[in-house]
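A.B. asks: Sharing a structure, written as C-alpha cells. Questions coming.
Laboratory data are not the source of any read-out in this text; all were calculated from the coordinates shown. Worth saying up front: this structure is predicted, and the values here are computed from it rather than measured. Here the Cβ positions follow ideal geometry from the backbone for every residue, glycine too, while neighbour counts run over all protein chains shown.
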Amino acid sequence: MIIRFSKYHGAGNDFILIDNRSSVLRNSVNSTELISHLCHRRFGIGADGLILINTSHTADFEMMFFNSDGKEGSMCGNGGRCCVAFASSLGLIKDKTFFNAIDGKHEAIILNKDKDNTRVSLKMQDVGDIKKQDNCFVINTGSPHYVCFTKNVEQINVFEEGRKIRYNKTFTKEGINVNFAELRNDKLFVRTYERGVEDETYSCGTGVTASALAASLSGLSKNKKHYLIDTLGGELKVSFNKISEISFTDIWLEGPAACVFKGEINI
C-alpha cells in the first residue's frame with residue numbers, strides 16, 4: 001500500500017505526518033513494528049515520532065501521536081504545533097483551531113505563515129500537582145517531565161545522565177522525560193532526553209513548557225510570566241498564568257513548524 005506523508009519539524013523535533021481521515025492506516029496503527037520502521041533514520045523515513053490526523057466529531061480533527069519506538073505516546077507539544085501547520089496545508093483549518101489529543105482538547109492559533117514555515121501558538125492543558133525532588137521538579141505538561149536546573153548545560157552528556165534518571169526505580173515503570181535547564185540572562189537553555197525516543201532530541205515542546213513553569217517556581221525569576229527558551233534546534237516561547245506554587249493556567253507554547261519535504265512510501 002502506498003502512503004503519502006509529509007515531514008515536519010518544530011525547532012528540530014521532527015515528525016512524519018499522515019492524513020488518516022479516510023482511515024488508510026486503520027489496520028496498521030497498532031503495529032509498533034511498522035511505525036518504528038517508518039521512524040527509523042537508516043531504514044525508514046526518519047523521525048522522532050509519527051502523527052496521524054484523524055476525523056473528529058467534536059473538534060476540527062484528532063491528533064494521534066506515536067513515539068519513534070512505535071508506541072502511542074502522551075501529548076507532544078512540538079508535534080501538536082506541526083500537526084496544526086499540516087492541517088492548515090490540507091485546508092482543514094484557517095487561523096484558529098480546536099483539536100483533540102490524548103490529553104484532551106487543545107486550542108491553537110496560526111500567527112503567521114510563509115511558504116513552508118508556519119508559526120503556531122498552542123494552548124497546553126492546565127498544570128497542577130507539581131512535586132519537588134531535591135533541587136529538581138516533576139511536572140506533567142501533557143507528558144511527565146523531570147526538570148533539573150544546573151550550570152554548563154551544553155557540557156552535559158544528556159544521553160547518559162538523562163537515561164539514568166529515566167530508568168531510575170522511581171520512574172522506570174512509566175518512564176519520564178528528563179530536562180537539563182539553565183537560566184542565562186533571563187533566557188532559558190534546555191536540553192531534553194525523551195522517553196520513547198530514548199535519546200536526546202533537538203527540542204521538546206512539553207519539556208520546555210515544564211522547564212518554564214519550574215523556572216517560575218525555582219526562585220531564579222519568580223515574577224516572570226513568559227520565557228524565551230533556546231534548544232539545540234531553535235527558539236521557543238512559553239507564557240503562562242501562575243495561580244499558586246503548584247498550579248498554572250493559560251499556558252501557551254509558541255514556535256516554528258516547518259515542512260521539510262513530502263513523499264510516498266510503500267508499506
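A.B. asks: I'd like the trypsin sites (Lys or Arg not before Pro) in the stretch 153-207 restricted to DSSP loop residues with at most 10 other Cβ atoms within 10 Å, sorted by number. Working shown, then result.
C.D. replies: Details: sites: Arg163, Lys164, Arg166, Lys169, Lys173, Arg184, Lys187, Arg191, Arg195; in loops: Lys169, Lys173, Arg195.
Those that pass, being in a loop and sparsely packed, are Lys169, Lys173.
A.B. asks: Compare the Cα positions of Phe180, Leu236, Leu213 along the charge dipole of the stretch 131-253 (+1 at Cβ of Lys, Arg; -1 at Cβ of Asp, Glu; about the Cα centre) and return the one farthest towards the positive end.
C.D. replies: Leu213
A.B. asks: For a quick check of your reading of the filter: which trypsin sites (Lys or Arg not before Pro) in the stretch 1-55 sit in a DSSP loop and have no more than 10 other Cβ atoms within 10 Å? Before the final figure, lay out the partial values.
C.D. replies: On the way: sites: Arg4, Lys7, Arg21, Arg26, Arg41, Arg42; in loops: Arg21, Arg26, Arg41, Arg42.
Listed in order of number, the matching sites are Arg26, Arg42.
A.B. asks: Have a look at Thr201, Phe189, Thr249 and report the one farthest towards the positive end of the charge dipole of the stretch 185-255, computed about the Cα centre with Cβ charges (Lys/Arg +1, Asp/Glu -1).
C.D. replies: Value computed over the given set: Thr249.
A.B. asks: Whole-Hz Karplus ³J(HN,Hα) for the stretch 174-182, in order, using 6.51 cos²θ - 1.76 cosθ + 1.60 and θ = phi - 60°, x for Gly and Pro?
C.D. replies: Per-residue couplings from phi come out as 9, x, 8, 7, 10, 10, 10, 10, 9 Hz.
A.B. asks: Given a cut-off of 22 Å, name the pairs among Lys113/Lys225; Lys187/Lys242; Lys164/Lys242 whose C-alpha atoms lie farther apart than that in the structure shown. Write out the running numbers ahead of the final one.
C.D. replies: Working: Lys113/Lys225 26 Å; Lys187/Lys242 18 Å; Lys164/Lys242 31 Å.
Flagged as over cut-off: Lys113/Lys225; Lys164/Lys242.
A.B. asks: Checking the cross-link filter: which aspartates and glutamates have an alpha carbon closer than 13 Å to that of Lys237, excluding same-chain neighbours under 8 positions apart?
C.D. replies: Here the aspartates and glutamates satisfying the reach criterion relative to Lys237 are Asp186, Glu254.
A.B. asks: Taking the alpha-carbon distance from Lys105 and a cut-off under 19 Å, which lysines remain once sequence neighbours fewer than 8 residues away in the same chain are dropped?
C.D. replies: Lys94, Lys96, Lys123
A.B. asks: Moving on. Counting Lys and Arg as +1 and Asp and Glu as -1, each charge on the Cβ, what is the dipole of the chain about the Cα centre in debye, to the nearest 20? Walk me through the numbers on the way to the answer.
C.D. replies: Numbers: 33 positive and 32 negative charges, 43 e Å.
With only Lys, Arg, Asp and Glu charged at Cβ, the dipole is about 200 debye.
A.B. asks: Same structure again: Isolated Cys in the chain by the 4.7 Å beta carbon test?
C.D. replies: So far as the 4.7 Å Cβ criterion goes, Cys39, Cys76, Cys82, Cys83, Cys204, Cys259 stand without a partner in the chain.
A.B. asks: Could I ask something else about it? With θ set to phi - 60° and the Karplus curve 6.51 cos²θ - 1.76 cosθ + 1.60, what are the ³J(HN,Hα) couplings of the stretch 83-98 in order, to the nearest whole Hz, using x for Gly and Pro?
C.D. replies: Each residue of the stretch 83-98 in turn: 4, 5, 4, 5, 4, 5, 5, 7, x, 6, 9, 10, 8, 9, 8, 10 Hz.
A.B. asks: Here's something else I'd like to know. Identify all aspartates and glutamates with a Cα-Cα distance to Lys7 below 13 Å; exclude those on the same chain that are fewer than 8 residues away in sequence.
C.D. replies: Asp19, Asp48, Asp116, Glu264
A.B. asks: With the contact rule set at Cα under 8 Å and sequence spacing of 6 or more, what percent relative contact order holds for the stretch 131-253? Each step should come with its number before you reach the end.
C.D. replies: Working: 232 pairs, mean separation 23.8, N = 123.
Across the stretch 131-253, relative contact order equals 19 percent.
A.B. asks: Could I ask something else about it? Taking every DSSP beta bridge that has both residues in the stretch 131-253, what percent is antiparallel when rounded to the nearest 5?
C.D. replies: Numbers: 29 of 36 bridges.
Of all bridge pairs located within the stretch 131-253, approximately 80 percent are antiparallel.
A.B. asks: Based on the Cα gyration tensor of the chain, what are the three equivalent ellipsoid semi-axes, each the root of five times an eigenvalue, rounded to whole Å and given largest first? Each step should come with its number before you reach the end.
C.D. replies: Working: eigenvalues 169, 86, 54 Å².
Semi-axes from the Cα gyration tensor: 29, 21, 16 Å.
A.B. asks: May I pose another question? Given points 7 Å out from each Cα along the Cα-Cβ axis, report the Glu72 to Phe189 separation in nanometres with one decimal.
C.D. replies: So the two model labels end up 3.9 nm from each other.
A.B. asks: Averaging sequence separations of C-alpha pairs under 8 Å and six or more residues apart, then dividing by the length of the stretch 1-140, give the relative contact order as a whole percent.
C.D. replies: On the way: 257 pairs, mean separation 23.8, N = 140.
Dividing the mean separation by the residue count of the stretch 1-140 yields 17 percent.
A.B. asks: Given the convex hull of the Cα atoms of the stretch 131-253, what is a quarter of its surface area in nm²? Before the final figure, lay out the partial values.
C.D. replies: Details: hull surface 27.3 nm².
Quarter of the Cα hull surface area: 6.8 nm².
A.B. asks: Could you state the per residue volume, in Å³, of the convex hull enclosing the Cα atoms of the stretch 190-255? Don't skip to the end; give the middle numbers.
C.D. replies: Working: hull volume 5.8 nm³, N = 66.
Convex hull volume per residue, Cα atoms: 88 Å³.
A.B. asks: Only sites in a loop by DSSP and with at most 16 other Cβ atoms within 10 Å count here; which chymotrypsin sites (Phe, Trp or Tyr not before Pro) in the stretch 154-213 make the cut?
C.D. replies: Working: sites: Phe159, Tyr167, Phe171, Phe180, Phe189, Tyr193, Tyr202; in loops: Tyr167, Phe171, Tyr202.
In loop regions of the stretch 154-213 (DSSP not H, G, I, E or B), the sparsely surrounded chymotrypsin sites (Phe, Trp or Tyr not before Pro) are Tyr167.
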